[in-house]
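Asks: Pasting a structure here, questions to come.
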Amino acid sequence: MPPIPEAFARELADEWIAAWNSNDLEQIFGHYTDDFVMRSPLIAQRGFAPSGALHGKDAIRPYWTAGLQANPPIRFELVAVYAGVNQVAIHYKSVARTYVVEVLELDDDRKIVSGSACYGARA
């Protein structure tokens with residue numbers, strides 16, 4: 001697959017941020033394949049898997065449901081988006097104004113097959 005066009009990366013980032021800000025898990029899941037892998041230090045910190053990785057929507061559903069029920073509610077603000085080969089990196093401000101870069105790997109249909117969240121300093 002050729003590199004992801006910048007316009008597509010921006011469109012995906014805008015839709016992805018809007019889905020999370022909608023607080024609608026099914027809208028969020030619409031961007032992902034059924035068997036995608038999610039990696040995040042929060043997965044381990046919150047006791048969902050010591051490895052920090054979950055595989056498939058059924059395994060990820062409880063983790064993301066808990067996140068969507070958190071107080072304060074999730075509200076992401078897009079900082080930047082980066083296009084790569086089969087990948088889009090979304091740089092955003094998360095809850096508590098923490099910077100996050102989420103690297104999303106895409107399949108040939110441009111559905112997300114894996115995501116890796118990397119957390120940084122407070123904004």
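The values are calculated or read from the model by the stated rules, or taken from the named source; none is laboratory data. Worth saying up front: this structure is predicted, and the values here are computed from it rather than measured. Virtual Cβ from ideal backbone geometry, glycine too; neighbours counted across all protein chains shown.
Asks: Would you pick out the residues in the range 22-41 that are farther than 21 Å from residue 108 by Cα and loosely packed, with under 15 Cβ neighbours inside 10 Å?
Replies: Correct list: 22, 23, 24, 26, 41.
Asks: While we're here: Taking the residues in the range 42-61 that are among the basic types (Lys, Arg) and either crowded, with 18+ Cβ neighbours inside 10 Å or modelled with pLDDT of 95 or more (or both) as candidates, determine which candidate is farthest from residue 115 (Cα to Cα).
Replies: Filtering the range 42-61 for residues among the basic types (Lys, Arg) gives 46, 57, 61.
Imposing the further condition that a residue be either crowded, with 18+ Cβ neighbours inside 10 Å or modelled with pLDDT of 95 or more (or both) reduces the set to 57, 61.
On the way: 57: 12, 61: 14 Å.
Filtering the range 42-61 for residues that are among the basic types (Lys, Arg) and either crowded, with 18+ Cβ neighbours inside 10 Å or modelled with pLDDT of 95 or more (or both), the one farthest from residue 115 (Cα to Cα) comes out as 61.
Asks: Take the range 1-29 and flag every residue that is outside any loop (DSSP other than H, G, I, E, B) and acidic (Asp, Glu). Reasoning before the result, please.
Replies: Residues of the range 1-29 that are outside any loop (DSSP other than H, G, I, E, B), as a first pass: 3, 6-22, 25-29.
Across the range 1-29, the qualifying residues are 6, 11, 14, 15, 26.
Asks: Please indicate, with yes or no, whether at least one residue in the range 39-53 is hydrophobic (A, V, I, L, M, F, W, C), closer than 30 Å to residue 3 by Cβ, in contact (Cβ under 8 Å) with a residue 40 or more places away in the chain and touching a Ser or Thr at 6+ places or on another chain (Cβ under 6 Å). Even if it seems obvious, please write down each step before you answer.
Replies: Of all residues in the range 39-53, those hydrophobic (A, V, I, L, M, F, W, C) come to 42-44, 48-49, 53.
From what's left, closer than 30 Å to residue 3 by Cβ: 42-43, 53.
Those still in the list that are in contact (Cβ under 8 Å) with a residue 40 or more places away in the chain too: 42.
Retained after the next criterion (residues that are touching a Ser or Thr at 6+ places or on another chain (Cβ under 6 Å)): none.
Among the residues of the range 39-53, not one is hydrophobic (A, V, I, L, M, F, W, C), closer than 30 Å to residue 3 by Cβ, in contact (Cβ under 8 Å) with a residue 40 or more places away in the chain and touching a Ser or Thr at 6+ places or on another chain (Cβ under 6 Å), which makes the answer no.
Asks: Then there's this: So if I check each of 81, 85, which one is farther than 19 Å from residue 123 by Cβ, among the aliphatic types (A, V, I, L, M) and in contact (Cβ under 8 Å) with a residue 12 or more places away in the chain? Before you say what the answer is, go through the steps one by one.
Replies: Numbers: 81 fails: farther than 19 Å from residue 123 by Cβ.
Sole residue among the options that is farther than 19 Å from residue 123 by Cβ, among the aliphatic types (A, V, I, L, M) and in contact (Cβ under 8 Å) with a residue 12 or more places away in the chain: 85.
Asks: Another question, then. Across the range 62-88, what is the total count of residues that are modelled with pLDDT of 95 or more, assigned to a helix (DSSP H, G or I) and surrounded by 14 or more Cβ atoms within 10 Å (Cβ to Cβ)?
Replies: Qualifying residue count for the region: 2.
Asks: Separate question: Checking the structure you have, find out if any residue of the range 2-19 is of a type outside the set (Asp, Glu), touching a helix residue (DSSP H, G or I) at 6+ places or on another chain (Cβ under 6 Å) and within 17 Å of residue 81 (Cα to Cα).
Replies: Let us first name the residues in the range 2-19 that are of a type outside the set (Asp, Glu), namely 2-5, 7-10, 12-13, 16-19.
Those left that are additionally touching a helix residue (DSSP H, G or I) at 6+ places or on another chain (Cβ under 6 Å): 19.
Now restrict to residues that are within 17 Å of residue 81 (Cα to Cα): 19.
The answer is yes, given that some residue of the range 2-19 is of a type outside the set (Asp, Glu), touching a helix residue (DSSP H, G or I) at 6+ places or on another chain (Cβ under 6 Å) and within 17 Å of residue 81 (Cα to Cα).
Asks: Out of 69, 45, report the one residue that is out of contact with any Asp or Glu (no Cβ under 7 Å at 6 or more places or on another chain) and either within 21 Å of residue 27 (Cβ to Cβ) or of a type in the set (A, V, I, L, M) (or both). Explain how you work it out, then say what you get.
Replies: Details: 45 fails: either within 21 Å of residue 27 (Cβ to Cβ) or of a type in the set (A, V, I, L, M) (or both).
Matching residue, one of 69, 45: 69.
Asks: May I pose another question? Every residue in the range 41-50 that is within 22 Å of residue 98 (Cβ to Cβ) and more than 15 Å from the chain's Cα centre (by Cα), please.
Replies: So the first thing to find is which residues in the range 41-50 are within 22 Å of residue 98 (Cβ to Cβ), and the list is 41-49.
Selection gives 44, 45, 46, 47, 48, 49.
Asks: Here is a further query. Name every residue in the range 95-108 that is assigned to a loop (DSSP other than H, G, I, E, B) and at pLDDT 95 or above, in order of residue number. First the steps, then the outcome.
Replies: Here is the first cut: in the range 95-108, the ones assigned to a loop (DSSP other than H, G, I, E, B) are 107-108.
Matches in the range 95-108: 107 only.
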